[in-house]
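Below is one structure; the comments refer to it alone.
What follows is calculated from the coordinates using simple rules that are stated; it is not laboratory data. Just so it is clear, the structure is predicted and the values come from calculations on it, not from any experiment. A quick note on method: Cβ atoms are made from the backbone with ideal geometry, for glycine too, and the neighbour counts reach across all protein chains shown.
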Amino acid sequence: MEQDLNAAGYDGLFETVVDSHKVGVEKPDPAIFAIALERMGVDARAALFAGDVPAVDVAGARRAGIAPVLVDRHDLFRNVDAPRIRSLADLPDWLSR
C-alpha cells in the first residue's frame, strides 16, 4: 500500500500508513486500527475513521472504539447505521456541523 501511494504521488502526505501485509492484520480486526492510533499517538475516542465498506470500515472502526463515517459515493448504504458523506471532500463541512 505504501509503495502504491508513493508511486501515485502521495509520498510524504500521510503521517503514517498501516499496510495490512506488513503488520499481519487487516480490517475489520480492531488491531489494525490500534496500530494506526498508536503510531499517531491518538486515543480512539478522539479519532474518526472514514471508509467506504460498511462491513470492514464501519464495523472495524466501531470494534476499535473509533467513530465511523461511511463514504457512500452512490447512496448505496441507506440502511447502514452510521453517518454518511458522499466524498472525503464533504468531510470538513460534515465536521463543522
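Charge tally for His21 (other residues, Cβ to Cβ under 15 Å; Lys, Arg +1; Asp, Glu -1): -3. About the centre of its Cα atoms, the stretch 2-95 shows a dipole size close to 320 debye [charges on the beta carbon of Lys, Arg (+1) and Asp, Glu (-1) only; nearest 20 debye].
Please say if the stretch 18-66 is rounded, prolate or oblate, where rounded means a/c under 1.5 for a ≥ b ≥ c the square roots of the C-alpha gyration tensor eigenvalues, and otherwise the choice is prolate for a/b larger than b/c and oblate otherwise? Since a/c reaches 1.5 but b/c is at least a/b, the shape of the stretch 18-66 is classed as oblate. A Förster distance of 25 Å, applied to the separation of the beta-carbon atoms of Asn79 and Ala8, puts the FRET efficiency at 0.15. Where a ≥ b ≥ c are the square roots of the eigenvalues of the C-alpha gyration tensor, would you call the stretch 42-84 rounded, which needs a/c under 1.5, or, failing that, prolate if a/b is larger than b/c, or oblate? Taking the square roots of the gyration eigenvalues as a ≥ b ≥ c, the stretch 42-84 is prolate.
Angle of helix 30-40 to the longest C-alpha principal axis of the chain, folded into 0 to 90 degrees and rounded to 10: 70°.
In this simple spin-label model, placing a label point 7 Å from the Cα along the Cα-to-Cβ direction at both Val53 and Ala67 gives a separation of 2.5 nm. Structure remark: mean-square fluctuation, Gaussian network model of the chain, C-alpha springs under 10 Å; the largest value among Val58, Val17, Val71 belongs to Val17. Neighbours of Leu88 by Cβ distance under 13 Å: Lys/Arg scored +1, Asp/Glu scored -1, total -2.
Summing +1 for each Lys or Arg and -1 for each Asp or Glu among the other residues whose beta-carbon sits under 14 angstrom from that of Arg39 gives -4. Average projection, convex hull of the Cα set of the stretch 16-97: 5.6 square nanometres.
Highest mobility in the GNM of the chain, judged by mean-square fluctuation with C-alpha springs under 10 Å and restricted to Ala36, Ala46, Ala64, is found for Ala46. Fully extending the segment from Leu91 to Arg39 would add 16.4 nm, taking 0.36 nm per residue of separation and subtracting the current Cα-Cα distance.
The GNM of the chain, with springs linking C-alpha atoms under 10 angstrom apart, assigns the highest mean-square fluctuation among Leu13, Leu37, Leu48 to Leu13.
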